[in-house]
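First comes the structure, then the notes that go with it.
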Amino acid sequence: MWTWFHRLASPPSFFRFADRLAPWVGGLGFVLLAIGWTWGLVYAPPDYQQGDAFRIIYVHVPAAALSLGLYTGMAIAGACALIWRMKLAEVVMLAMAPVGMVLTAVTLLTGMLWGKPMWGAWWVWDARLTAELVLLFLFLGVIVLGDAIEDPRRSARAAAWIAVVGIVNVPIVKFSVNWWNSLHQGATVLSFGKPAITVDMAIPLYICLLATALLAAHAVLRRAQVRLLQREARTQWVKALRAQELGALP
Amino acid sequence: MKSLRGIFRREVDLLRMQVLDAVLPLAFYLLVVMLFAFGTRANDPALAGLSVSILWVGAVLSALLPLPRLFASEFEDGTLEQWCLASTPLVVIVAIKLFAHWCLNGLALAVMAVPLAVLLGLEGAGLGYLALGLMMGTAILTLLGGLSACLLVGIPRAASVLPLLVLPLMAPVVIFGSGAVRAWQLGADPAAPLYFLGSLFALSATALPWACASALRNAYD
């Protein structure tokens, strides 16, 4: 029963798996994001305090949740790469880093755009904001280290160490609003018990969350495919694939 | 045990041949603090308010200077390879090496911070909390920087990449370290931030030497 899972760890079968999965994941994510944004930005009721400005949560919250999720995923993939020396885990880890960094940057930028009218400042040096900024630099560190060394495997494992050590920052970001007296509001969506958000606003938010996750997964799959092709360029299966795509080589 | 003392002695002897290497970070520290003071109006009382932050950032930057080349000479002359093959566990060797580096570098910076703090108008027990915090802070920096140096061993770009890897992780250390002195300035108990700093030190001292050893082995396969 688990053989398909084990087979997935081999580069050629992962490549084919990703190739088949990616268009569906990406297409579904695109459609859901269109639905979620239209619902959230046009049809959801305005907030009684913030008016229409609250609608930035349909970008901000999914990006923030995914930035933490991708970092955690990257650290887990990094741990797998270090413990079991899995080639595929290295590739997936390095594929996650740029996607996570972009989502972290989107989180910070949308938060700043919202902060100016609501808090009166683009930026405050507050626990959650600072920890999210540190997350951006951790992603950057993994990206830089992932390509710093000529031997790609050594480079990937070095980056994996930074990803694993940096995981201490993830709970700090998530729980900073509970631990410190932060200006950032507490968790309203992803908290235990009854969510502190009305259903009319919550459903489009959940749709956006799912859509962003699917689009991020699509980007990670495609990036992993490209990395696999670059890394395995000399192997038989890549040559066969190229021959199949471009016709026989002269 | 004898081999451990030997490694420690080797570090001390190497530094004695290159006294300038030990003095340069201290001179750099003085220069950073001096430029901050020049950047403000002469005798600006606001400088005293920022002094803790300046002293902490100055110490972190100065301690960062020698880190990219921490394992460079061992890598170049093949000592590192011998360490990987030695009967003494690599973890122990690396831990001793980092400890020796901290004794000769971090400790000196923590001591150096006291007269600099007096220049910036800090006085009383705050000086003690500053030095105590900096001792733990430079130790954590040595461990984190040691891991980065192990990861980057033999790479020409190490000097520019290492700060990028280490400085984000130093954020909590700087927050709690300067927080201890500020708590004392405000009349609060500085024990809580110092305990937090201590727990960060305990965590990094127990986990990071193993990571360093594994990263060094990574350089050779």
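Coordinate-derived values only; no laboratory data. Everything numeric in this text was worked out from a predicted model, so none of it was measured. Positions of Cβ are backbone-derived with ideal geometry, glycine not excepted, and every protein chain shown enters the neighbour counts.
So here's what we get for this one:
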quantity	calculated
Which of A:Ser155, B:Ser3, B:Ser214 has the fewest Cβ neighbours within 10 Å, and the rest in rising order	B:Ser3, B:Ser214, A:Ser155
GNM result for chain A, Cα springs below 10 Å: residue of A:Leu133, A:Leu205, A:Leu103 fluctuating most strongly	A:Leu133
Contact order relative to length of chain A, as percent, for alpha carbon pairs under 8 angstrom and 6 or more apart	31 percent
Relative contact order, percent, chain B [alpha-carbon distance under 8 Å, six or more residues apart]	25 percent
Radius of gyration and maximum dimension Dmax of the stretch B:1-73, Cα, Å	17.1, 55
Partners for B:Lys97 among lysines (Cα-Cα distance below 22 Å; same-chain residues under 8 apart left out)	B:Lys2
Computed helical MRE - 222 nm, the protein assembly as shown, DSSP H runs ≥ 4 contributing -39500 (n - 2.57), nearest 500	-25500 deg cm²/dmol
Test item: B:148-157 mean partner chain Cβ contacts at 10 Å	4
Gyration tensor over alpha-carbon atoms, the protein assembly as shown, equivalent ellipsoid semi-axes in Å	42, 34, 17
The stretch A:22-137, relative contact order in percent, only Cα pairs under 8 angstrom and at least six apart counted	22 percent
Taking B:Trp102, A:Trp125, A:Trp237, A:Trp161 and counting other C-beta atoms within 10 Å, the order from fewest to most	A:Trp125, A:Trp237, B:Trp102, A:Trp161
Neighbour-count order for A:His184, A:His218, fewest beta carbons within 10 angstrom listed first	A:His184, A:His218
Per-residue average of Cβ from other chains inside 10 Å of B:160-167	4
Most mobile of B:Leu14, B:Leu122, B:Leu55 in a GNM of chain B (Cα contacts under 10 Å)	B:Leu14
Mean Kyte hydropathy of -1.0 or more with a Cα span along the axis of at least 18 Å, helices from DSSP in chain A	A:11-38, A:57-84, A:87-119, A:127-146, A:152-165, A:199-231
Shape box of the stretch B:2-218 [Cα atoms, principal axes, largest first, Å]	56, 33, 31
Modelled FRET efficiency - R0 45 Å, A:Val168 with A:Ala34, Cβ distances, 0.05 increments	0.75
Given charges at beta-carbon only (K, R positive; D, E negative), |dipole| of the protein assembly as shown in Debye	1080 debye
Kyte-Doolittle mean at least 0.0, axial Cα span of 24 Å or more - DSSP H helices of chain B	B:19-39, B:46-64, B:125-151, B:191-218
Only Lys, Arg (+1) and Asp, Glu (-1) charged, at Cβ; chain A dipole about Cα centre in debye	860 debye
Net charge over other residues, Cβ less than 14 angstrom from the Cβ of B:Ala22 (K, R count +1; D, E count -1)	-1
